[in-house]
Amino acid sequence: MGKIYFDHSATTPLDPRVVEAMLPLYGANFGNPSSIHSDGQEAREAVDLGRQQVADLLHASPDEIIFTASGTEADNMALIGVATQYKPQDCHIITSVFEHPAILETCKYLERLGYAVTLLPINSDGIVEPESLRRALRPNTRLVSVMAANNVVGTLQPIEELAKITKAHGALFHTDAVQAVGKIPLHMDTIPVDMLSISAHKLHGPKGIGALYLRQGLTIEPLIHGGGQERGIRSATENVAGIAGFGKAAELARLEMAAETARLIRFRDRILAGVAEQVPNAYLIGHRSKRLPGHICLGVAGHESDAILLMLLLNEDGISISTGSACSSHHAGQPSYILLAMGMDEVQARGSLRITLGRFTTESEVDAYVEALPRAISNLSPVASHEFAVVA
Ligand code: PLP
């Protein structure tokens, strides 16, 4: 068996149909969408189509889509773009303790500017409880941002309820839906979300292109100033090929989501059943069913501090998984702030294996993983794990 890629939460392989949609934009169709001549207008058509396709996935209108260079930029744009419309003392922001750094670091930046930020706790299932939001609201709360699905544990958050509580208070609701869009239905015509961040490379689209959904009628301060593209909210010549690829990826996700969800849940359950049988000391981290279809986060009791070693042993077997988020590779060996927030102790919080499946995952790959994991665990020598713990 060739290499097995089970790290789709870090990024996904490009769908060949996406590549096909992008190629003309790297060739004959190279114009600048702002040019009035026909080369420019052909590029404009590609941008318009991409915008429509992304809007369709979200049941939104095309003029509610602002293209950005990443999910990180969309998160920054939402938070800073709302906050800077207020004086710091007039603006309290609420988010959760287990957001992606794109949110948490932006909040730290806003705190340095004098804004007040409250972090909501999560329960031991990896879920934000709506009651904690009710308690945290203040008269000057302007913005609440809670992610739709967590990138490490894969748990789904009750964003519809959180958004309703926020709207009843008169504040804006943003969700970082980078891990969720294309995997679960997120329909802006039924959920009262004001802003939502997306990133194309998590749904078999290209890297370097994302979007912020900004509900009609809302305005935010731009982060980037210039020629007035993207309704003046995000100036810069458009990443036309990226937008075309993003659009195609969004269209494919929309058309294939129902069948793909059923397939991935079947694979997820097959892995969980296989692991329960072969590795009885393994445990699932996060809620059993309120999770992304293809997302598993495992701990192995007694081997928590061996997580990175296990990941490397599986890598030798040609299987790519992760020990947390890709970003956490910068902090290898440190306990995950997400698992700590779920109430795990420092040892347990070092030990998660993240297995995330995608569109090209096959049943034989799933079976190969279930065979490889116990083999890798049996290869862990107590000495090696002790040495690793010291190095970490
Ligand atoms: N938000 C979440 C929940 C993520 O998982 C990620 C990427 O892993 C991001 C934001 C950042 O997205 P991008 O890689 O497009 O900057």
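Structure notes:
- Counting only residues that are part of a loop (DSSP other than H, G, I, E, B) and in contact (Cβ under 8 Å) with a residue 60 or more places away in the chain, region 172-188 holds 9 of them.
- Exclusive hit being surrounded by fewer than 24 Cβ atoms within 10 Å (Cβ to Cβ), in contact with a helix residue (DSSP H, G or I) (Cβ under 9 Å, 6 or more places away or on another chain) and modelled with pLDDT of 95 or more, set Ile191, Ile243: Ile191
- Scan of region 1-21 for residues that are within 16 Å of the ligand (Cβ to nearest atom) and open to solvent by less than 70 Å² (accessible area, probe 1.4 Å), ordered by number: Phe6, Asp7, His8, Ser9, Ala10, Thr11, Thr12, Pro13, Val18
- Candidate set: region 114-141, residues that are assigned to a loop (DSSP other than H, G, I, E, B) and more than 29 Å from Tyr283 (Cα to Cα); chosen: the one most open to solvent (accessible area, probe 1.4 Å): Pro139
- Within region 246-261, considering residues that are touching a residue at least 24 places away in the same chain (Cβ under 8 Å) and small (Gly, Ala, Ser), the one surrounded by the fewest Cβ atoms within 10 Å (Cβ to Cβ): Ala253
- Glu111 passes every criterion in (1) surrounded by fewer than 21 Cβ atoms within 10 Å (Cβ to Cβ); (2) touching a residue at least 40 places away in the same chain (Cβ under 8 Å) apart from (2).
- Lone qualifier among Ala332, Ala384, Ala368 - being hydrophobic (A, V, I, L, M, F, W, C) and at pLDDT 95 or above: Ala368
- Residue count for region 195-235 satisfying the condition of being more than 16 Å from the ligand (Cβ to nearest atom) and either surrounded by fewer than 24 Cβ atoms within 10 Å (Cβ to Cβ) or within 14 Å of the chain's Cα centre (by Cα) (or both): 18.
- Residues within region 1-27 that are within 30 Å of Thr237 (Cβ to Cβ) and touching a Leu at 6+ places or on another chain (Cβ under 7 Å), tallied: 3
- When Pro24, Pro33 are checked against the criterion of being assigned to a loop (DSSP other than H, G, I, E, B) and either assigned by TED's automatic domain parsing to the domain that holds Arg134 or away from the ligand (no atom under 16 Å from the Cβ) (or both), Pro33 stands alone in meeting it.
- Thr155 falls short on exactly one of the conditions (1) open to solvent by 40 Å² or more (accessible area, probe 1.4 Å); (2) out of contact with any helix residue (DSSP H, G or I) (no Cβ under 9 Å at 6 or more places or on another chain), and that condition is (1).
- If you go through region 62-95 and pick out every residue that is more than 16 Å from the ligand (Cβ to nearest atom) and part of a strand (DSSP E or B), you end up with 3.
- Top-ranked residue of region 33-64 - restricted to ones that are loosely packed, with under 15 Cβ neighbours inside 10 Å and touching a residue at least 60 places away in the same chain (Cβ under 8 Å), ranked as nearest to Gln229 (Cα to Cα): Ser34
The values are calculated or read from the model by the stated rules, or taken from the named source; none is laboratory data. None of the values given here were measured: they were computed from a predicted structure. Please note: Cβ atoms are built from the backbone with ideal geometry, for glycine as well, and neighbour counts cover all protein chains shown. The protein model used for the area step is the full one, side chains on, heavy atoms only, and it has no ligands, DNA or RNA in it. Shrake-Rupley method; radii C 1.70, N 1.55, O 1.52, S 1.80 Å.
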